[in-house]
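Enquirer: Can you keep this structure in mind? I'll have questions shortly.
The values are calculated or read from the model by the stated rules, or taken from the named source; none is laboratory data. Given the structure is predicted, the values throughout are model-derived calculations rather than measurements. As a convention, Cβ positions derive from the backbone with ideal geometry for all residues, glycine included, and neighbour counts pool all protein chains shown. With ligands, DNA and RNA removed, areas are computed over all heavy atoms of the protein, side chains included. Shrake-Rupley method; radii C 1.70, N 1.55, O 1.52, S 1.80 Å.
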Amino acid sequence: MSTQVPPRAEHDKLANAIRSLAMDAVEKAKSGHPGMPMGTADIATVLFSRFMKFDAANPTWPDRDRFVLSAGHGSMLVYALLYLTGAPDMTLDELKNFRQLGSKTPGHPENFITRGVETTTGPLGQGIATAVGMALAEKMLAAEFGKKAVDHYTYVIASDGDLMEGVSQEAIAMAGHWKLNKLIVLFDDNDISIDGPLSLADSVDQVKRFQAAGWRAERVDGHDPEAIAAAIARAQKSGKPSLIACKTIIGYGAPKKAGTSKAHGEPLGADELKAAKEKLGIAPEPFAVSPDVLDAWRKIGARGAAARKTWESLFGTLPPKKQAEFNRRLAHERPAKLAKALAAHRKALIASPQNIATRKSSELAIEAIVPAMPEFLAGSADLTGSNNTKAKSAVAFSAKNPKGRYIHYGIREHGMAAAMNGIALHGGFAPNGATFLVFTDYCRPAMRLSALMGTPVVYVMTHDSIGLGEDGPTHQPVEHVASLRAMPNMRVFRPCDAVEVAECWELALNRIDGPTVLALTRQNLPQLRTEAKAIRSAAGAYELLKAEGRAQVTLFASGSEVEIAAGARKLLADKGVAARVVSVPSLDLFLEQPADLRDAVIGSAPVKVAIEAGVRMGWDAVIGSDGLFVGMTGFGASAPYKDLYRHFGITAEATAEAVLKRLG
Ligand SMILES: Cc1ncc(C[n+]2csc(CCOP(=O)(O)OP(=O)(O)O)c2C)c(N)n1
């Protein structure tokens with residue numbers, strides 16, 4: 001069998017092996033989606049047998065083509081492909097254990113469980129938006145290191161659901177604008193979703209929609225291998241990203257359920273499965289793949305070894321320093337210069353204290369980071385001047401200037417967050433993107449995937465409380481810090497001054513197994529730190545100001561409220577009450593510390609107070625349910641920020657008063 005252009009019968013055998021495994025695995029698991037892999041088997045077969053540059057034995061080779069199954073509910077498609085092509089971890093037993101605890105075949109593709117899965121998908125729309133970030137990273141990295149190092153495509157299979165989700169609009173607009181011509185989306189255009197025919201809920205002409213966003217788009221018969229192949233070949237030559245709308249039949253081959261939503265989210269059932277296998281000419285035994293078909297697929301999986309070797313020898317001709325730098329960047333290893341640059345920056349801050357907003361302190365830190373860290377890739381969702389994320393030397397990325405290292409994401413917070421996941425997963429860059437903290441709500445589904453996948457993404461979220469003032473309650477985050485702290489594997493920093501900001505940036509950039517939020521102020525804050533030898537934020541919390549005498553009170557605070565805690569300490573001292581101040585730049589990090597360290601920082605003062613211009617949730621772990629909380633209980637209001645702090649009682653005076661009342 002030729003693996004280049006197999007005759008139709010040979011193609012069908014390859015595609016039917018996917019269908020067969022998908023039907024059997026879903027049937028055995030008694031759950032899952034057989035219809036999607038059955039419908040897209042022809043597309044996937046053409047893509048993998050004729051176009052994908054991949055070496056099944058080496059799923060992380062840097063210059064492989066990326067494949068994203070955006071319609072993650074069809075996960076058996078990717079597992080069948082991995083097994084058939086010979087991915088080392090994907091055994092037949094794994095397919096038989098589809099959706100079971102501990103298997104490499106979870107319900108939706110998880111990149112941290114299954115080698116060869118490029119990104120976690122399942123929440124519709126995320127895959128295509130993540131793929132935009134991958135294609136962006138490819139373009140930028142190729143511009144920097146040359147085609148000998150980077151020259152690959154990003155392929156996506158996306159469903160109606162992916163394209164209906166709002167994030168897809170943000171993603172395709174960015175890809176079109178940036179002319180990400182090596183991004184090729186194969187749309188499983190089957191006119192079916194869970195509720196039934198697509199006509200129940202949608203009448204968008206996707207080809208026109210993508211064209212309007214600057215894509216090359218065309219329609220093909222998704223069960224005609226030659227038509228699919230010709231369209232992919234055209235797409236590869238395009239100067240624009242490409243959509244290939246492949247008209248398919250969901251559940252292709254199932255006599256009764258094909259073309260209906262019944263092929264969607266449930267096993268076919270024994271009778272329908274048997275009939276489908278008969279119709280497709282597949283052996284009836286579960287999980288059977290005939291040796292000649294398996295052999296043909298394995299050859300497809302091994303073919304890429306030659307491409308990988310060619311790449312290795314081409315890459316080997318690059319200067320050794322360039323090779324080392326490329327490898328460092330892809331491994332997310334931070335440059336040695338980074339820690340030195342930030343240590344020098346902190347020293348300068350101690351010598352010359354800065355009483356500025358923490359968003360401004362962040363800008364100063366960025367200025368220190370950029371020369372030391374070429375992979376630092378900042379951006380903003382149209383709030384560059386407010387988020388203070390653009391270094392003076394940074395130049396905007398554009399289709400014309402792929403060497404630019406600042407991303408104007410437009411007003412697309414969700415698309416930005418998803419693209420940053422893709423950039424981080426691709427490797428080569430340390431993405432950070434910015435907006436107002438309140439708009440983490442707009443980024444949230446992608447932030448959750450950052451946390452789940454453990455992508456090293458930094459979210460620079462400014463205007464972090466009622467302290468933003470006049471813009472009012474729509475713009476004032478109240479519950480956001482607490483809710484982000486509740487997200488597993490999301491690190492949240494709310495630094496109190498320029499020194500803590502520099503520390504938190506360093507901790508964020510060195511965190512390569514998960515995302516970080518930096519919550520930063522709009523309003524000016526005094527520099528409270530007077531020494532910067534150790535990175536004190538590393539424990540999440542530390543004693544900033546000792547009590548004068550035996551402490552009766554501990555005042556815990558984060559960010560802008562540490563200043564208020566310091567003020568309350570002074571007022572209490574004037575009344576003869578000794579209070580200490582603990583700065584808590586990261587409550588979640590602090591709560592992860594060993595118990596003895598936590599106990600030492602929390603201390604034994606009888607009155608514990610937490611001050612944060614947000615909701616109380618989470619603080620009881622430090623102050624106890626009988627602790628005093630000075631913060632917000634509802635939405636904010638529109639006014640100058642000092643008036644708001646007074647109005648909501650978040651002041652040194654109100655804190656001292658509450659403490660004195662408690663002490664009786
Ligand atoms: C954000 C999100 N919302 C809802 C779902 C639940 N869900 C899974 S598949 C699906 C729709 C399936 O339709 P389509 O995308 O056309 O896939 P196909 O039926 O063609 O397989 C839905 C609503 C989801 N996975 N993600």
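Enquirer: Taking segment 439-462, which residues are open to solvent by 10 Å² or more (accessible area, probe 1.4 Å) and within 20 Å of T521 (Cα to Cα)?
Expert: F439, D441, Y442
Enquirer: Can you name the residue in segment 491-546 that is closer than 15 Å to F590 by Cβ and over 28 Å from the mean Cα position of the chain (by Cα) and is also surrounded by the most Cβ atoms within 10 Å (Cβ to Cβ) among such residues?
Expert: Applying the filter and picking the extreme gives L544.
Enquirer: Consider only pairs whose beta carbons are under 6 Å apart and that are at least six residues apart or on different chains; among these, list those whose first residue lies in segment 400-425 and is under 11 Å from C443 (Cα atoms) and whose second residue is open to solvent by 20 Å² or more (accessible area, probe 1.4 Å) and in a helix (DSSP H, G or I).
Expert: R412/E170; E413/F439; E413/Y442; H414/E170; H414/Y442; G415/E170
Enquirer: Just need a number here: residues in segment 265-278 that are open to solvent by 20 Å² or more (accessible area, probe 1.4 Å) and within 15 Å of the ligand (Cβ to nearest atom).
Expert: Adding up the residues that qualify gives 3.
Enquirer: Determine whether K53 is touching a residue at least 24 places away in the same chain (Cβ under 8 Å), away from the ligand (no atom under 16 Å from the Cβ) and not in a loop (DSSP other than H, G, I, E, B).
Expert: Criteria not met by K53.
Enquirer: All but one of (1) closer than 20 Å to A658 by Cα; (2) open to solvent by 10 Å² or more (accessible area, probe 1.4 Å) hold for V562; state the number of the condition that does not hold.
Expert: The number of the failed condition is (2).
Enquirer: Give segment 340-358 a look and list any residue that's hydrophobic (A, V, I, L, M, F, W, C), in a helix (DSSP H, G or I) and over 30 Å from the mean Cα position of the chain (by Cα), or say none.
Expert: Residues satisfying the conditions are A344, A348, L349, I350, A351.
Enquirer: Something else now. Taking the stated definitions as given, is A173 farther than 27 Å from L330 by Cβ, open to solvent by 10 Å² or more (accessible area, probe 1.4 Å) and either within 13 Å of the ligand (Cβ to nearest atom) or under 18 Å from the mean Cα position of the chain (by Cα) (or both)?
Expert: In short, no.
Enquirer: Kindly indicate whether S380 is among the hydroxyl-bearing types (S, T, Y), within 30 Å of L468 (Cα to Cα), in contact with a strand residue (DSSP E or B) (Cβ under 6 Å, 6 or more places away or on another chain) and at pLDDT 95 or above.
Expert: For S380, the condition - among the hydroxyl-bearing types (S, T, Y), within 30 Å of L468 (Cα to Cα), in contact with a strand residue (DSSP E or B) (Cβ under 6 Å, 6 or more places away or on another chain) and at pLDDT 95 or above - is met.
Enquirer: Which of the residues belonging to segment 58-117 are under 19 Å from the mean Cα position of the chain (by Cα), within 16 Å of the ligand (Cβ to nearest atom) and of a type in the set (G, A, S)?
Expert: S70, A71, G72
Enquirer: Restricting attention to segment 438-470, report how many residues are β-branched (V, I, T), in a helix (DSSP H, G or I) and within 20 Å of G422 (Cβ to Cβ).
Expert: Within segment 438-470, residues that are β-branched (V, I, T), in a helix (DSSP H, G or I) and within 20 Å of G422 (Cβ to Cβ) number 1.
Enquirer: Scan segment 8-28 and tell me whether some residue there is open to solvent by 10 Å² or more (accessible area, probe 1.4 Å) and within 16 Å of the ligand (Cβ to nearest atom).
Expert: no
Enquirer: Also, I was wondering about something else. Before we move on, is V150 more than 10 Å from the ligand (Cβ to nearest atom) and under 15 Å from the mean Cα position of the chain (by Cα)?
Expert: So V150 does not fit the description; no.
Enquirer: What's the number of the only condition in (1) within 16 Å of the ligand (Cβ to nearest atom); (2) in contact with a helix residue (DSSP H, G or I) (Cβ under 6 Å, 6 or more places away or on another chain); (3) more than 30 Å from R8 (Cβ to Cβ) that A137 fails to meet?
Expert: (1)
Enquirer: A further question follows. Being crowded, with 24+ Cβ neighbours inside 10 Å, among the charged types (D, E, K, R) and in contact (Cβ under 8 Å) with a residue 40 or more places away in the chain narrows it down to one residue among D188, D195, D202, D224; which is it? Full working, then the answer.
Expert: Working: D195 fails: crowded, with 24+ Cβ neighbours inside 10 Å; D202 fails: crowded, with 24+ Cβ neighbours inside 10 Å; D224 fails: crowded, with 24+ Cβ neighbours inside 10 Å.
After ruling out the rest, the residue left standing is D188.
Enquirer: Can you tell me which residue is nearest to the chain's Cα centre (by Cα) among those in segment 234-250 that are farther than 28 Å from P34 by Cα and buried (at least 24 other Cβ atoms within 10 Å of the Cβ)?
Expert: P241
Enquirer: What do you reckon, is A306 part of a helix (DSSP H, G or I), free of Cβ contacts under 8 Å to residues at least 24 places away in the same chain and among the aliphatic types (A, V, I, L, M)?
Expert: yes
Yes or no, residue by residue, for (1) in a helix (DSSP H, G or I); (2) in contact with an Asp or Glu (Cβ under 7 Å, 6 or more places away or on another chain):
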| residue | (1), (2) |
| --- | --- |
| L180 | no, no |
| Q211 | yes, no |
| A230 | yes, no |
| R234 | yes, no |
| G239 | no, no |
| A245 | no, yes |
| Y252 | no, no |
| K257 | no, yes |
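Enquirer: Here's another thing I want to ask about it. Could you say whether any residue in segment 471-490 is assigned to a helix (DSSP H, G or I), surrounded by fewer than 24 Cβ atoms within 10 Å (Cβ to Cβ), of a type in the set (G, A, S) and at pLDDT 95 or above?
Expert: There is at least one residue in segment 471-490 that is assigned to a helix (DSSP H, G or I), surrounded by fewer than 24 Cβ atoms within 10 Å (Cβ to Cβ), of a type in the set (G, A, S) and at pLDDT 95 or above.
Enquirer: Would you call S386 among the polar types (S, T, N, Q), under 22 Å from P335 (Cβ atoms), part of a helix (DSSP H, G or I) and touching a Ser or Thr at 6+ places or on another chain (Cβ under 8 Å)?
Expert: Against the criterion (among the polar types (S, T, N, Q), under 22 Å from P335 (Cβ atoms), part of a helix (DSSP H, G or I) and touching a Ser or Thr at 6+ places or on another chain (Cβ under 8 Å)), S386 does not qualify.
Enquirer: Out of A15, A25, A9, report the one residue that is free of Cβ contacts under 8 Å to residues at least 24 places away in the same chain and over 24 Å from H426 (Cα atoms).
Expert: A9
Enquirer: Hey, another quick one. When you check R491 against the structure, is it within 25 Å of E363 (Cβ to Cβ) and of a type in the set (K, R), yes or no?
Expert: On the way: within 25 Å of E363 (Cβ to Cβ): yes; of a type in the set (K, R): yes.
Here the answer is yes, as R491 does meet what is asked.
Enquirer: Residue by residue through segment 176-205, note down the ones that are among the aliphatic types (A, V, I, L, M) and either within 14 Å of the ligand (Cβ to nearest atom) or closer than 19 Å to T40 by Cβ (or both).
Expert: Result: L183, I184, V185, L186, I192, I194, L198, L200, A201, V204.
Enquirer: Could you tell me how many of the residues in segment 619-632 are closer than 19 Å to V562 by Cα and open to solvent by 40 Å² or more (accessible area, probe 1.4 Å)?
Expert: At the first step, the residues of segment 619-632 found to be closer than 19 Å to V562 by Cα are 619-623, 627-632.
Right, trim to open to solvent by 40 Å² or more (accessible area, probe 1.4 Å) and you get 620-621, 629.
So the count comes out to 3.
Enquirer: Output the residues belonging to segment 386-408 that are under 16 Å from K139 (Cα atoms) and of a type in the set (S, T, Y).
Expert: S398, Y406
Enquirer: State yes or no: is E285 assigned to a helix (DSSP H, G or I), over 33 Å from the mean Cα position of the chain (by Cα) and away from the ligand (no atom under 16 Å from the Cβ)?
Expert: So E285 fails the test.
Enquirer: Looking at A143, is it more than 30 Å from I249 (Cβ to Cβ) and more than 16 Å from the ligand (Cβ to nearest atom)? Steps first, answer last, please.
Expert: Details: more than 30 Å from I249 (Cβ to Cβ): yes; more than 16 Å from the ligand (Cβ to nearest atom): yes.
Spelling it out, A143 is indeed more than 30 Å from I249 (Cβ to Cβ) and more than 16 Å from the ligand (Cβ to nearest atom).
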